[in-house]
1. Six or more apart or on different chains, Cβ atoms under 6 Å: show the pairs whose first residue is in segment B:145-156 and aromatic (Phe, Trp, Tyr) and whose second is surrounded by 17 or more Cβ atoms within 10 Å (Cβ to Cβ) and not in a strand (DSSP E or B).
2. If we scan segment A:63-74, do we find a residue that is under 25 Å from residue A:152 (Cα atoms), touching a residue at least 60 places away in the same chain (Cβ under 8 Å) and in a loop (DSSP other than H, G, I, E, B)?
3. State which residue is surrounded by the fewest Cβ atoms within 10 Å (Cβ to Cβ) when the search covers only segment A:29-58 and only residues that are within 11 Å of chain B (Cβ to nearest Cβ) and in contact with a strand residue (DSSP E or B) (Cβ under 8 Å, 6 or more places away or on another chain).
4. Do you know which of the residues in segment B:59-84 that are surrounded by fewer than 17 Cβ atoms within 10 Å (Cβ to Cβ) and over 15 Å from residue A:91 (Cβ atoms) is nearest to the other protein chains (Cβ to nearest Cβ)?
5. Does segment B:132-142 contain any residue that is out of contact with any Asp or Glu (no Cβ under 9 Å at 6 or more places or on another chain), more than 11 Å from every other protein chain (Cβ to nearest Cβ) and more than 22 Å from residue B:175 (Cα to Cα)?
6. Restricting to segment A:194-212, name every residue that is closer than 20 Å to residue A:261 by Cα, crowded, with 24+ Cβ neighbours inside 10 Å and of a type outside the set (A, V, I, L, M).
7. Looking at residue A:104, is it more than 8 Å from chain B (Cβ to nearest Cβ) and free of Cβ contacts under 8 Å to residues at least 60 places away in the same chain?
8. Would you tally the residues in segment A:29-79 being β-branched (Val, Ile, Thr) and in contact with a His (Cβ under 8 Å, 6 or more places away or on another chain)?
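Read the figures in this text as sums done on the coordinates, not as results from a lab. Nothing here was measured: the structure is a model prediction, and the numbers come from that model. FYI the Cβ positions are ideal-geometry reconstructions off the backbone, even for glycines, and counts take in every protein chain you see.
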Protein chains: 2
Amino acid sequence: MNVVALSGGVGGARLVEGLCRALDGKLTVIVNTGDDCRHWGLAICPDLDTVMYTLAGVGDAARGWGLRGDTFTAHEAMRAFGEPAWFSLGDRDLATHLTRTAALARGEPLDAVTARLSAALGVTARVLPMSNEPAPTLVDTTEHGLLPFQEWLVLRRAPEVRGVVLPSGVAALPAARQAIDAADLVVIGPSNPYVSIEPILALPGVRDALSRRPVVAVSPIVGGAAVKGPLAEMIPRLSGVAPSAQAILDRYDGLVSAFVVERGDEIRGVPSLATDAVMRAPEDRLRLAREVLDLGARVRR
Amino acid sequence: MNVVALSGGVGGARLVEGLCRALDGKLTVIVNTGDDCRHWGLAICPDLDTVMYTLAGVGDAARGWGLRGDTFTAHEAMRAFGEPAWFSLGDRDLATHLTRTAALARGEPLDAVTARLSAALGVTARVLPMSNEPAPTLVDTTEHGLLPFQEWLVLRRAPEVRGVVLPSGVAALPAARQAIDAADLVVIGPSNPYVSIEPILALPGVRDALSRRPVVAVSPIVGGAAVKGPLAEMIPRLSGVAPSAQAILDRYDGLVSAFVVERGDEIRGVPSLATDAVMRAPEDRLRLAREVLDLGARVRR
């Protein structure tokens with residue numbers, strides 16, 4: 001079974017890791033790059049890194065970013081030099097950004113350097129950036145106007161949103177388009193639809209390609225609350241409804257064939273599975289991944 | 001007394017540190033940037049860093065480069081990613097290169113970012129790069145032809161030299177020229193003349209400006225051997241004579257007013273001081289600096 005997953009950061013990465021184990025590494029992951037940024041002159045791809053690190057088993061699960069046990073010697077020295085220190089980069093993590101930045105500077109495409117980094121980390125799944133071109137997501141805030149994504153999320157700690165601005169005319173990675181076309185099942189992880197999944201869906205041709213495949217999504221909203229991040233506050237602002245699994249499904253607007261939700265969060269409109277949808281321990285990831293694949297196999301028939 | 005020192009890396013930096021203490025911080029240092037390089041996409045200025053770190057008391061004196069007690073987490077991760085690992089950059093040291101690289105990329109001149117880094121490190125002397133423009137020294141080798149300086153010295157471990165190629169038409173830093181013109185005494189540290197001092201002398205106007213000032217040099221050759229590095233092997237190849245303090249003085253060709261040598265290395269042609277010219281302990285730096293300044297005061301009369 002050819003499975004393609006769409007992922008943002010932490011929640012999506014955890015499900016992807018479970019899917020990778022359930023499928024013995026035979027998985028393609030298309031990762032949001034809308035929250036990529038430059039920091040200290042380095043090319044940072046937070047969601048790609050979280051997916052790679054989580055798949056490699058080296059990510060810091062508690063923190064949700066960076067590498068487990070990393071040190072911050074360079075970071076503290078940067079702070080002493082008066083450089084911006086609001087975005088934390090560990091010493092070992094720096095090697096990823098340095099390698100990527102140097103590769104991009106000499107013309108290597110993002111997917112190629114991502115493949116090299118993934119292979120060096122021992123990742124067996126195929127990790128693809130959604131595009132080789134920059135596709136920065138801007139967040140329109142009530143207080144500060146338009147902000148680059150990381151400035152919104154990390155520097156300003158997710159102030160009130162009144163819109164999300166996605167770039168137009170950015171080409172999807174051809175290999176990502178082809179992977180979707182060849183997929184027996186597409187899984188949308190429990191990521192933030194507005195800023196993690198819609199940047200992928202907004203790339204020309206992607207939504208159309210997905211509409212021809214069975215798509216199983218996992219709700220990032222559990223009991224009216226977000227598992228992580230500012231999603232619950234964004235739903236009323238951006239969709240005009242209270243936060244709920246149903247609001248997520250409605251946001252995907254006909255694209256989803258079946259939906260996995262927390263028990264008690266049953267929804268209407270598509271086949272669904274109500275289960276324990278929060279991945280706390282590593283074994284939750286594999287269990288949830290298998291439930292997602294089973295549901296996918298049912299909707300394919 | 002306005003004192004200007006010309007310096008390469010380790011030996012020059014040690015004397016500069018002694019001079020800085022002897023002069024209560026009232027010292028301008030003009031530093032060779034001919035061995036600057038790009039590594040992992042970062043702008044590295046080895047001699048500037050050695051001078052700054054030595055003046056700040058944070059350099060690794062035993063190794064001669066980098067910061068004392070630094071860690072190499074990023075370096076080992078770069079090696080694991082298959083990136084070149086022949087040039088070692090510590091984690092804390094990386095902050096210097098990241099800050100400089102980002103500054104240069106946004107158009108800040110090298111002297112400005114050097115001043116910022118120096119101030120943050122607590123350096124009281126004025127540390128100037130010899131130029132704000134790239135001025136790469138190339139080493140012409142018997143075996144490999146022309147090599148960028150660090151590839152010659154570090155990657156290939158200083159193979160046999162048949163020439164040194166300095167760029168032409170690179171402007172000296174105006175502040176460096178002005179400092180020389182205002183100097184009561186110029187000190188040339190015990191650095192390699194061919195690859196550390198001559199890149200400074202080769203900048204248009206510098207040799208001429210120096211010829212109008214009293215110049216005291218310290219021999220980097222002691223008893224026919226180099227205190228550090230490949231200098232002793234270079235003298236026969238590039239000057240056609242055996243390595244000696246006299247060979248260094250002759251190389252400076254009339255520019256030096258007085259010369260400080262090791263006892264037993266007495267030279268002819270200019271006033272000289274024979275002393276313990278090797279700076280092993282920190283107190284040697286201050287003692288030698290005072291001897292240099294005393295000799296300088298005598299040649300000024």
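1. Filtered contacts from segment B:145-156: B:149/B:35; B:149/B:137.
2. Yes, the conditions are met somewhere in segment A:63-74.
3. Of the residues in segment A:29-58, the ones within 11 Å of chain B (Cβ to nearest Cβ) are A:38-43, A:58.
Now narrow it down to the ones that are in contact with a strand residue (DSSP E or B) (Cβ under 8 Å, 6 or more places away or on another chain): A:38, A:58.
On the way: A:38: 15, A:58: 18.
Restricting to residues being within 11 Å of chain B (Cβ to nearest Cβ) and in contact with a strand residue (DSSP E or B) (Cβ under 8 Å, 6 or more places away or on another chain), the top hit is A:38.
4. Narrowing segment B:59-84 to residues surrounded by fewer than 17 Cβ atoms within 10 Å (Cβ to Cβ): B:62-63, B:68-69, B:71, B:76, B:79-80, B:82, B:84.
So of that shortlist, the ones also over 15 Å from residue A:91 (Cβ atoms) come out as B:62-63, B:68, B:82, B:84.
On the way: B:62: 20, B:63: 17, B:68: 13, B:82: 7, B:84: 10 Å.
If we take residues in segment B:59-84 being surrounded by fewer than 17 Cβ atoms within 10 Å (Cβ to Cβ) and over 15 Å from residue A:91 (Cβ atoms), then B:82 is nearest to the other protein chains (Cβ to nearest Cβ).
5. Step one: filter segment B:132-142 for residues out of contact with any Asp or Glu (no Cβ under 9 Å at 6 or more places or on another chain), giving B:133, B:138, B:140.
Now restrict to residues that are more than 11 Å from every other protein chain (Cβ to nearest Cβ): B:133, B:138, B:140.
When the remaining residues are screened for being more than 22 Å from residue B:175 (Cα to Cα), the result is B:138, B:140.
Yes, segment B:132-142 contains a residue that is out of contact with any Asp or Glu (no Cβ under 9 Å at 6 or more places or on another chain), more than 11 Å from every other protein chain (Cβ to nearest Cβ) and more than 22 Å from residue B:175 (Cα to Cα).
6. Answer for segment A:194-212, where residues must be closer than 20 Å to residue A:261 by Cα, crowded, with 24+ Cβ neighbours inside 10 Å and of a type outside the set (A, V, I, L, M): just A:196.
7. Values: more than 8 Å from chain B (Cβ to nearest Cβ): yes; free of Cβ contacts under 8 Å to residues at least 60 places away in the same chain: no.
Considered against the rule, which asks whether it is more than 8 Å from chain B (Cβ to nearest Cβ) and free of Cβ contacts under 8 Å to residues at least 60 places away in the same chain, residue A:104 comes out as no.
8. To start, the set of residues in segment A:29-79 that are β-branched (Val, Ile, Thr) comprises A:29-31, A:33, A:44, A:50-51, A:54, A:58, A:71, A:73.
Add one more test, that the residue is in contact with a His (Cβ under 8 Å, 6 or more places away or on another chain), and what stays is A:44.
Total meeting the criteria: 1.
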